[in-house]
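Down below is the structure, laid out as structure tokens.
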Amino acid sequence: MNVLKIFKLFSLILIVTFAGIPSADATNSTAAPGDEQTVSLPEKTKENSTDTKPAPSPISMPSFESGAPRWYPPKMAPAKWEWVELTTGEWLKGTIKVIRHDNMEFDSDNFDTIEIDMKDVLQTYSSTVNTFVFTNQRLVIGVGRITKDQVIIDTAAGKMYYPRQQLISVVVGDRTEFKLWTGTLTAGVSSTSGNTNQTTVNLQANLKRRGAFLRIETNYYGNIGTTNDVTNVQNQQVNLQADLFIYDRFYLIPASFEFYSDIFSNIDTRYKPGVGVGYQFFERSELEWQVNANLLYQRVRYVSTTGNEPPVFESAAFSIGSDLKYDITSDITLHANYTITLAVPATSYLDQQGILKLDVDITKHVSVNSTANWTRIGNPIASSDGVVPDKNDLILTFGVSLDF
């Protein structure tokens, strides 16, 4: 009971912390920068290091010393394009996907998605509505232009000017809730016939919300299989986690939840609600890696037990998880997830899970993939007939995914 009291106290501390975060103020443009990581100013080039005058207007069409006219994007550029000028004088045409952690993800028809250090970006032109995140939890929504020392945003309240060194990130879109969500649906089927008629169906789903400060992700894994019309595989799992970024890469987890069921492991239902903290080590176009630590309450109901075991097991638990996404090439992506959960004080209940998934893009919205899902139950409980389930389960699946 003392462990459960500690769990409740820890939850209360996180809730109080979450409630105390200041609300976004989109009108206060004079607040001093905080300790958050902001974007870099452009590095000085030979051209602008000797020029003490303000940057020329695109309308004036200035010339280089050699006499060649300097090019600027058309004033009435198509709304679907955005322009980025590098400190080298080169221009890129495409779409700014996100600016975060002093890096810009830029999508071009020729280069696909590339990553650019903000110190190499001189200015940007855009005609789309985006969400700009500044220091002190300030959000500004509008059509913005980033110059070498300012961020100029056309908002519903008028034109706003902010120092570039106070910009933390740019999120694509106007924070309309629907635009913040993306998802993936995966289905796979395997079948054998002959001496044994085996059919296995696998279903996976992922739904993710990415906002300026709040990120929510839900995953579903389900498998069902039959041999000669007799069910021999039946398990499913649902994970939900909300991440609230409060300082650069550090975030709170005000809510997490897991549901798991595997009839042939003698687990009818297993629930794990919890809270925790996490840290985003990398968030780049080709690499994402984060680590979480959660304090949980778990409740397991078994399908059946012998007379020596209760039908329900309850305890507090502590878990550590790692989630990695790596783009091997522009079309091949590796996902690796590992979680270890330790029950307290029943430390013999040490559960582990590792998921390895390889995606190969066929089109922009369709991919083929293979998944290896390994689970280990630290202390399997014998069913009423005395059979003890194996500790390890490994499921290999192949499927087709649809991104939306």
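The values are calculated or read from the model by the stated rules, or taken from the named source; none is laboratory data. Every value quoted in this text rests on a predicted model; they were computed, and no experiment measured them. When we count neighbours, we look across all protein chains shown, and the Cβ atoms used for this are built from the backbone with ideal geometry, even at glycine.
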Top-ranked residue in the range 315-336 [being among the acidic types (Asp, Glu) and surrounded by 14 or more Cβ atoms within 10 Å (Cβ to Cβ); ranked as nearest to residue 368 (Cα to Cα)]: 327
Contacts under 8 angstrom Cβ, first residue in the range 349-361 being within 30 Å of residue 297 (Cβ to Cβ), partner of a type in the set (Lys, Arg) and part of a strand (DSSP E or B), 6 or more apart: 351/376; 352/376; 353/376
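Mind telling me which of the residues 339, 306 ends up being touching a Ser or Thr at 6+ places or on another chain (Cβ under 7 Å), among the polar types (S, T, N, Q) and surrounded by fewer than 18 Cβ atoms within 10 Å (Cβ to Cβ)?
Exactly one residue qualifies, and that residue is 306.
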Matching strands (runs of 3 or more DSSP E) fully within the range 243-338 where at least 3 residues are under 15 Å from the mean Cα position of the chain (by Cα): 250-262, 274-283, 287-302, 312-327
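Okay, residues lined up against (1) assigned by TED's automatic domain parsing to the domain that holds residue 370; (2) under 19 Å from residue 279 (Cβ atoms); (3) crowded, with 16+ Cβ neighbours inside 10 Å; (4) modelled with pLDDT under 95:
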{"residue": "192", "(1), (2), (3), (4)": "yes, no, no, yes"}
{"residue": "219", "(1), (2), (3), (4)": "yes, no, yes, no"}
{"residue": "236", "(1), (2), (3), (4)": "yes, no, no, no"}
{"residue": "242", "(1), (2), (3), (4)": "yes, yes, yes, no"}
Residues (in contact (Cβ under 8 Å) with a residue 60 or more places away in the chain, within 25 Å of residue 245 (Cβ to Cβ) and assigned to a strand (DSSP E or B)) located in the range 105-133: 105, 113, 114, 115, 117, 121, 131, 133
Unique residue being touching a residue at least 24 places away in the same chain (Cβ under 8 Å), farther than 22 Å from residue 241 by Cβ, small (Gly, Ala, Ser) and in contact with a Leu (Cβ under 8 Å, 6 or more places away or on another chain) when the list is 370, 319, 304, 384: 370
Search result, residues across the range 93-150 that are of a type in the set (Val, Ile, Thr), more than 19 Å from the chain's Cα centre (by Cα) and closer than 18 Å to residue 43 by Cβ: 116, 121, 124, 146, 147
Residues located in the range 323-351, provided they are farther than 26 Å from residue 271 by Cβ and not hydrophobic (A, V, I, L, M, F, W, C): 325, 326, 327, 329, 330, 331, 333
Residue 248 assigned by TED's automatic domain parsing to the domain that holds residue 321, under 28 Å from residue 397 (Cα atoms) and of a type in the set (D, E, K, R): no
Meets criteria (of a type in the set (Val, Ile, Thr) and within 15 Å of residue 267 (Cα to Cα)) for residue 375: yes
